[in-house]
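Asks: My questions all concern the structure below.
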Amino acid sequence: MLKLDNICQTFNKNTINEKILFENFNLEVKKDEFVSIVGSNGSGKTTLLNIISGNLIPDSGKVFVGGKDVTKLKNYKRAKNIARVFQNPELGTCPSMTIFENMSIADNKLNPYNLTGGLNHKRKDFYRSQLELLGLGLEDRLNITAKTLSGGQRQALALIMATMVKPDILLLDEHTAALDPKSSDIVMQLTEKVVTEKKITTLMVTHNLRYAIEYSNRCIMMHEGKIHLDKSGEEKKKQTIADLLTVFNEISIECGN
């Protein structure tokens, strides 16, 4: 489904602050995999998502989605196949628009813009069915504005909007980090439900080791642009938070951090 082939990425080239982050970096993600990505700040987690989404074009190397080379495609063109939910709940919805209007926009993201109406009232029942997946009662509040929702509700809405037109790949960029613990747990439970029911290949960047252990079927640990741990299947099931902390501490000592 996703392949990164010999990716190289350097920041602040030819300056005193030059930093080589990725050097011949490789990663393959299979269809329907749910990959959690953990690691220290500056390890390359968000940069990796930016390269996959097209927000950042690598210096060299190639990005393939479904076997197609998308390396040079701009982010708005990749958005047809790649959806992303950000850390800030306000980035995934338009606060001044109603839930109905927000969902209508998400529903039409693959359609060309023209002079026809953007709000299709015939789709309301479908929108309600999507919101019912959340179990938050939002299906009965289609006409309220997104800004009146709590952070957790807005992030849940952003998740539904990102996956309403099923993407090939879903990128979760620390999407629970700005929420309180209770809301974070609810959004993670909803994430697992949506990803599993819709069978979406997912990459989730998180600092929450418990979420990485409990919700994904593959776990990657990055440090300074390299993958130091990659567990899936039965090996992943055996991993504990203590195991991840041990590996993280060993890497830090080895790298002198």
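Throughout, read-outs are computed from the coordinates displayed, never taken from laboratory work. Small disclaimer: the values here were computed from a predicted structure and weren't measured. All Cβ positions, glycine included, derive from the backbone under ideal geometry; neighbour counts span all protein chains shown.
Asks: When the chain is fully extended, how far beyond the present Cα-Cα distance does residue 3 get from residue 214, taking 0.36 nm per residue of separation?
Replies: 73.5 nm
Asks: What ranking do 13-25, 63-75, 166-178 get when scored by the average of other Cβ atoms within 10 Å per residue, highest first?
Replies: 166-178, 63-75, 13-25
Asks: Going through the cross-link list 3/226; 68/193; 30/231; 45/182; 45/236; 30/68, which pairs have a Cα-Cα distance over 21 Å in this structure?
Replies: In this structure, 68/193; 45/182 lie more than 21 Å apart at Cα.
Asks: Given the convex hull of the Cα atoms of the chain, what is a quarter of its surface area in nm²?
Replies: The directionally averaged projection comes out at 15.2 nm².
Asks: What number, in percent, do you get for the relative contact order of the range 1-115 if the mean sequence gap of Cα pairs under 8 Å and at least 6 apart is divided by its residue count?
Replies: For the range 1-115, the relative contact order is 23 percent.
Asks: By how many nm would the segment from residue 77 to residue 178 lengthen if fully extended, with 0.36 nm per residue of separation less the alpha-carbon distance?
Replies: Result for the pair: 33.5 nm of gain on full extension.
Asks: Please turn the phi angles of the range 206-220 into ³J(HN,Hα) values with the Karplus equation 6.51 cos²θ - 1.76 cosθ + 1.60 (θ = phi - 60°), one per residue in order, whole Hz, x for glycine and proline.
Replies: 8, 9, 8, 5, 5, 5, 4, 6, 7, 9, 9, 9, 8, 10, 10
Asks: May I pose another question? Over 5 Å intervals from 0, what percent of Cα-Cα pairs in the range 32-73 sits in each interval?
Replies: Result returned by the calculation: 5, 21, 24, 24, 19, 6, 0.
Asks: Please report the relative contact order for the chain, taking Cα pairs under 8 Å with a sequence separation of at least 6, and give it as a percent rounded to a whole number.
Replies: Relative contact order for the chain comes out at 25 percent.
Asks: If a/c stays under 1.5 just call it rounded; otherwise compare a/b with b/c (prolate if a/b is bigger, oblate if not). Do that for the range 35-188, with a ≥ b ≥ c from the square roots of the Cα gyration tensor eigenvalues.
Replies: Judged from the Cα gyration tensor, the range 35-188 comes out oblate (a/c at least 1.5, b/c at or above a/b).
Asks: Quick test of the membrane-span-like rule: which DSSP H helices of the chain reach at least 24 Å along their long axis (C-alpha atoms) with mean Kyte hydropathy at least -1.0?
Replies: Going by DSSP H runs, the hits are 181-198.
Asks: How big, in percent, is the set of alpha carbon pairs in the range 1-57 lying more than 15 Å apart?
Replies: 56
Asks: Ok, one more. Can you spot the aspartates and glutamates whose alpha carbon is less than 13 Å from residue 31's alpha carbon? Ignore those fewer than 8 places along the same chain.
Replies: 168
Asks: Run the helix sum for the chain: -39,500 (n - 2.57) per DSSP H stretch of 4+ residues, divided by residue count, reported at 222 nm to the nearest 500 deg cm²/dmol.
Replies: Dividing the helical sum by the residues of the chain leaves -10500 deg cm²/dmol.
Asks: Tally Lys and Arg at +1 and Asp and Glu at -1 over the other residues with C-beta under 11 Å from the C-beta of residue 85: what net charge comes out?
Replies: 0
Asks: Which residue fluctuates the most in the chain, going by a Gaussian network model with Cα springs under 10 Å, if the choices are 135, 92, 61?
Replies: Comparing 135, 92, 61 in the GNM, the peak value goes to 135.
Asks: Turning to a different aspect of this structure: When only Cα pairs under 8 Å and 6 or more residues apart are kept, what is the percent relative contact order across the range 127-257?
Replies: Value for the range 127-257: 17 percent.
Asks: Quick one: 3J(HN,Hα) in Hz for the range 31-41, Karplus 6.51/-1.76/1.60 with θ = phi - 60°, rounded, Gly and Pro as x.
Replies: Those phi angles translate into 4, 6, 6, 10, 9, 9, 10, 10, x, 6, 4 Hz.
Asks: Run the quick spin-label model on residue 123 and residue 69: label points 7 Å from Cα toward the beta carbon, then report their separation in nm to one decimal.
Replies: According to this spin-label approximation, the distance is 3.4 nm.
Asks: How would you order 212-225, 140-153 from highest to lowest mean count of nearby Cβ atoms within 10 Å?
Replies: 212-225, 140-153
Asks: I've got another one for you. When DSSP assigns beta bridges and you keep just the ones with both residues in the chain, what percent turn out antiparallel, to the nearest 5?
Replies: 55
Asks: Here is a further query. How big is the Kirkwood radius of the range 152-257, worked out from every pair of different alpha carbons and given in Å to one decimal?
Replies: 14.9
Asks: For the range 196-257 and the range 53-113, what is the separation of their C-alpha centers, rounded to whole Å?
Replies: Their Cα centres are 25 Å away from one another.
Asks: Please enumerate, by chain and number, the lysines with C-alpha under 16 Å from the C-alpha of residue 74, excluding those fewer than 8 residues away in the same chain.
Replies: 62, 109
Asks: Quick one: what Rg and Dmax do you get for the range 50-103 from the alpha carbons, in Å?
Replies: Calculated on Cα positions, Rg and Dmax stand at 14.0, 42 Å.
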